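Please read the structure below before turning to the comments.
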Amino acid sequence: MRFLLLAAALVTASPIAAQAQVTDLPPGDGMDIQSYRVEINPDFGAETLSVTAEITVTALRDGLDRLRFSPTAMVVTSAQSEGRAILHERTAQAHRFTLPRPLQRGETATVSIRYHGAPDKGVTFSRPVDAKRATHVFTDYDACSWLLCVQDAPGDKALADITLVIPADMTSLSIGNFQGRTALKQDPKNPRVRDHWRSAIPYSGYLMSFAAGKWVTVQSGDRLAFHGENYTRTNLSSLFGTTGDMLRFFEDKAGVPLPVERYHQLLIEGSAAQEAATYSTIGTEEIEPILTDPQEDWVIAHELAHIWWGNLVTCKNWDHFWLNEGITSFMVAAWKEHKFGSAAYDAELAHARKRVERVSKIGFDKPLAFAGPYPSLGTRRAVQYSKGALFMAHLRKKLGDKIFWSALKRYTRTFAGGTVDSQDFQRVFERESNVDLSDDFDRWVTGNNVANGAKPRKGTQI
Ligand SMILES: [Zn+2]
């Protein structure tokens with residue numbers, strides 16, 4: 001035991017040598033994260049975070065002795081479980097914590113961890129020129145660079161309870177519903193508050209999120225709010241004005257109401273278009289075209305549609321990511337048809353077809369559940385987003401509106417709060433339509449026919 005501890009200490013003390021020696025299991029191995037209870041204290045001067053996290057996990061196999069989370073640049077300063085200190089190591093693959101005793105399958109453990117630092121990605125502080133302190137902070141897709149989670153395990157969903165300690169003149173956003181604000185009394189010159197957020201349903205690690213800043217806020221009706229740093233209330237209202245109609249449209253198509261009391265959209269400078277579990281971060285470059293052409297509203301629709309397709313109903317692993325992005329891209333077209341007419345739907349699909357044709361030309365016409373590597377983000381998007389949308393349009397045409405929309409509703413209701421793969425989707429659509437769709441799924445989704453050497457049938461690839 002002593003020898004093992006010494007060896008482990010070397011892992012932390014000498015990371016380069018250790019990385020060559022230690023072949024660790026991947027982050028998330030053998031565990032299912034149940035919940036996070038996290039307090040985040042952003043330092044707006046140093047642009048760092050101090051975090052305390054209480055993470056509860058269940059063992060998926062007997063003898064689980066270590067918990068592994070995605071690697072981050074954050075520095076762990078203490079780790080405890082069952083009231084005593086536990087070993088933390090930073091291996092090449094993971095942040096690794098050794099439990100006080102191995103767990104049997106189904107057993108649960110809670111670890112309490114303190115860590116701090118500047119995440120190398122996933123968190124952006126923004127600071128006006130010449131200002132001493134940042135005026136706001138927001139997170140993006142790389143959640144596991146600031147939270148000890150597993151970035152590439154969308155199938156592992158967990159409840160989250162997140163508290164943010166921020167200056168009293170800031171507003172915050174995080175997961176689920178706002179639970180309330182309490183004032184901290186230590187420093188009257190620098191008043192700070194504790195904002196508490198909590199999700200009622202579990203979400204995947206990559207959707208964990210927070211933001212805080214000195215924003216202008218518009219509350220729109222009971223269920224919407226828009227925030228932005230350098231915008232007037234009028235700006236925000238005109239940019240996000242159609243969100244209410246979209247919300248009603250998506251709720252109707254999903255058959256599942258908005259799973260939070262209020263949906264927030266945070267406007268930031270630049271080109272962001274990022275869904276968080278229960279709010280969205282939207283860049284000015286993506287949304288401002290709406291001011292000259294109201295049909296340029298894809299970014300609002302896309303990120304809002306993720307509330308159901310992606311966030312509530314989530315792919316089990318990235319091989320089935322088209323179920324997040326293809327359905328969402330299709331729903332943007334469906335929204336446009338609803339709002340602007342069938343020409344807008346056709347235009348959106350034509351745009352998707354063009355992207356698929358472009359990657360076809362370079363020999364990259366892959367099935368939707370293609371599990372191999374993509375040469376670029378563009379090719380991945382052409383397949384999982386654009387071809388995914390075209391497959392949805394194909395099913396709609398084949399099954400007819402009535403059956404197609406009732407199947408989508410059944411799928412969304414059945415799996416809300418859970419995870420899915422392409423087979424789950426196929427089963428629901430077959431059951432609802434009473435049509436054998438195996439040929440369609442072979443051609444579009446699994447590529448089975450193509451893999452067996454058969455030529456793709458003409459006209460079915462896009
Ligand atoms: Zn998306």
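In the set SER329, SER342, SER280, only one residue is more than 21 Å from ALA382 (Cβ to Cβ) and within 11 Å of the ligand (Cβ to nearest atom); that residue is SER280. Checking HIS95, HIS116, HIS88 one by one, the residue that is open to solvent by 30 Å² or more (accessible area, probe 1.4 Å) and touching a Phe, Trp or Tyr at 6+ places or on another chain (Cβ under 6 Å) is HIS88 and no other.
Of the residues SER35, SER81, the single one that is free of Cβ contacts under 8 Å to residues at least 40 places away in the same chain and over 27 Å from LYS132 (Cα atoms) is SER81.
Name the strands (runs of 3 or more DSSP E) wholly within region 136-216 that hold at least 2 residues that are over 23 Å from THR124 (Cα atoms), modelled with pLDDT of 95 or more and of a type in the set (A, V, I, L, M, F, W, C)? It would help to see each step written out before you state the result.
Details: elements: 136-139, 157-167, 171-174, 177-184, 192-198, 210-213.
Result: 157-167.
Taking the conditions (1) touching a residue at least 12 places away in the same chain (Cβ under 8 Å); (2) out of contact with any helix residue (DSSP H, G or I) (no Cβ under 6 Å at 6 or more places or on another chain); (3) closer than 25 Å to VAL428 by Cα in turn, GLY378 satisfies each one other than (3). Taking region 121-159 as the range and being of a type in the set (Val, Ile, Thr) and open to solvent by 10 Å² or more (accessible area, probe 1.4 Å) as the test, the residues that pass are VAL123, THR124, VAL129, THR135, VAL150. Here is the figure for region 226-246: residues that are surrounded by 20 or more Cβ atoms within 10 Å (Cβ to Cβ), within 30 Å of CYS315 (Cβ to Cβ) and either in contact with a Ser or Thr (Cβ under 6 Å, 6 or more places away or on another chain) or free of Cβ contacts under 8 Å to residues at least 40 places away in the same chain (or both) total 1. Filtering region 291-320 to residues that are open to solvent by 20 Å² or more (accessible area, probe 1.4 Å) and either in contact with a strand residue (DSSP E or B) (Cβ under 6 Å, 6 or more places away or on another chain) or more than 11 Å from the ligand (Cβ to nearest atom) (or both) leaves LEU291, THR292, ASP293, PRO294, GLN295, GLU296, LYS316, ASN317, TRP318, ASP319, HIS320.
Inspect region 366-375 for any residue being in a helix (DSSP H, G or I), within 16 Å of CYS315 (Cβ to Cβ), open to solvent by 40 Å² or more (accessible area, probe 1.4 Å) and free of Cβ contacts under 8 Å to residues at least 24 places away in the same chain and give the result as yes or no. No, that holds for no residue. The single condition among (1) touching a strand residue (DSSP E or B) at 6+ places or on another chain (Cβ under 6 Å); (2) more than 11 Å from the ligand (Cβ to nearest atom) that TRP335 does not satisfy is (1).
The set of residues in region 432-452 being farther than 20 Å from LYS387 by Cα and touching a residue at least 12 places away in the same chain (Cβ under 8 Å) consists of GLU432, SER433, VAL435.
Restricting region 254-277 to residues that are surrounded by fewer than 23 Cβ atoms within 10 Å (Cβ to Cβ), within 13 Å of the ligand (Cβ to nearest atom) and under 22 Å from ALA160 (Cβ atoms), the residue that is modelled with the highest pLDDT is GLN274. Return yes when ALA352 is touching a Ser or Thr at 6+ places or on another chain (Cβ under 8 Å), closer than 20 Å to ASP140 by Cα, within 16 Å of the ligand (Cβ to nearest atom) and outside any strand (DSSP E or B) and no when it is not. No. Every condition in (1) over 14 Å from ALA393 (Cβ atoms); (2) among the β-branched types (Val, Ile, Thr); (3) more than 15 Å from the chain's Cα centre (by Cα) is met by VAL313 except one, and the failing one is (3).
The values are calculated or read from the model by the stated rules, or taken from the named source; none is laboratory data. On a predicted model such as this, the values are computed, not experimentally measured, just so you know. Cβ atoms come from the backbone with ideal geometry, glycine included; neighbour counts cover every protein chain shown. For accessibility, only protein heavy atoms count, side chains too; no ligands or nucleic acids. Shrake-Rupley method; radii C 1.70, N 1.55, O 1.52, S 1.80 Å.
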